Amino acid sequence: MSGSRPPTTPSRTDRIAARAEFVTSAAAVADLPAGFPEVALVGRSNVGKSSLINALAGRAIARTSATPGKTRLLNVYRVVPRQGQGGRAFHLVDLPGYGYTRVPPPGHGRQARGGAHRSPSGDGGPSAEGDFRALAAAYAGARWADGRDEVPEAAALLLVDARHPGLENDLAAYDWLASLGCPAAVVATKLDKLTRAERPRARLALETAFHGPVVPTSAATGEGLKDLWRLIDRLLSRQPPKLPPRHPS
Ligand code: GDP
């Protein structure tokens, strides 16, 4: 016997879950628990944020919904990675989904590109949009403005639907995160909704739209979760990736 074992299939390995639990729902950034590194999840309503949180956790700790735009709070989950998933415990902070009129939030000193953006799907609703704008701006001010010290590190993951590269409001959210200069990366969701044949083209379209690497994932099949763990680890490292501007000045 050689003693070597057949390689574990990627989807099986990817499915190894962290220890994770719901911590709190905060109505304001000031109410967020301090002391842990944070990864904020940014994305359109219904993009699959809750499902991805549950996939990382290996169980349902976030409420998923076929009805978008329901989250009005900052939901916080504590994740304790297992071996091979990176080192330290961190908090996932689920920002309200956007998807209606204006993205990203204005202010925070630096320019918010954009102005009015029509929703591609009509989801969310004006109040959902307002919640995103207000909470995202407050979050950015607390975590990425000069002088913040509430948390050791804070990074953002921009979630986009693998089937819809370059939606206007996703690009606006990208530009907002790029302008903040915070640790951030783009993750595509719902990969399983594309056929194998469609995937390479979709990935190229995503990476062209966002001017850089995009990690494709599926909460349904577990594909890409291992890469996502690696990405989160890098985002919380000393030299985290950032989003390059799409329009260098
Ligand atoms: P959120 O609003 O961003 O939190 O989105 P949810 O996680 O609630 O997901 C919205 C809808 O998309 C739900 O019906 C999910 O079942 C579905 N969904 C989310 N992720 C996936 C995925 O990876 N694959 C598939 N096929 N459906 C997904």
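The values are calculated or read from the model by the stated rules, or taken from the named source; none is laboratory data. Not measured: the values here are computed from a predicted model. Cβ: placed from backbone, ideal geometry, glycine included. Neighbour counts: every protein chain shown. With ligands, DNA and RNA removed, areas are computed over all heavy atoms of the protein, side chains included. Shrake-Rupley method; radii C 1.70, N 1.55, O 1.52, S 1.80 Å.
Here each label is just a point 7 Å from Cα along the line to Cβ, and for residue 247 and residue 88 those points are 3.7 nm apart. Computed with a 1.4 Å probe on the full set of protein chains, the accessible area for residue 208 sits at about 90 Å². For residue 44, the residues whose modelled amide H falls within less than 5 Å of its own, excluding neighbours fewer than 5 places apart on the same chain, are 98.
Computed from phi, the 3J(HN,Hα) profile of segment 223-228 under the Karplus parametrisation 6.51, -1.76, 1.60 (θ = phi - 60°) reads 4, x, 5, 5, 5, 5 Hz, with x in place of Gly and Pro. With the whole protein complex present, residue 153 retains an accessible surface near 50 Å², based on a 1.4 Å probe.
Among the listed pairs 190/242; 190/226; 49/190, which have their C-alpha atoms separated by more than 18 angstrom in this model? Those over the limit are 190/242. Modelled this way, with points 7 Å down the Cα-to-C-beta line, the labels at residue 168 and residue 220 are 2.8 nm from one another.
In this structure segment 169-249 gives 48 Å² per residue of accessible area when probed at 1.4 Å with all protein chains present.
The phi-based Karplus calculation (6.51 cos²θ - 1.76 cosθ + 1.60; θ = phi - 60°) puts the 3J(HN,Hα) values of segment 47-59 at 6, x, 5, 4, 5, 5, 4, 5, 5, 5, 7, x, 7 Hz, whole numbers, x for Gly and Pro.
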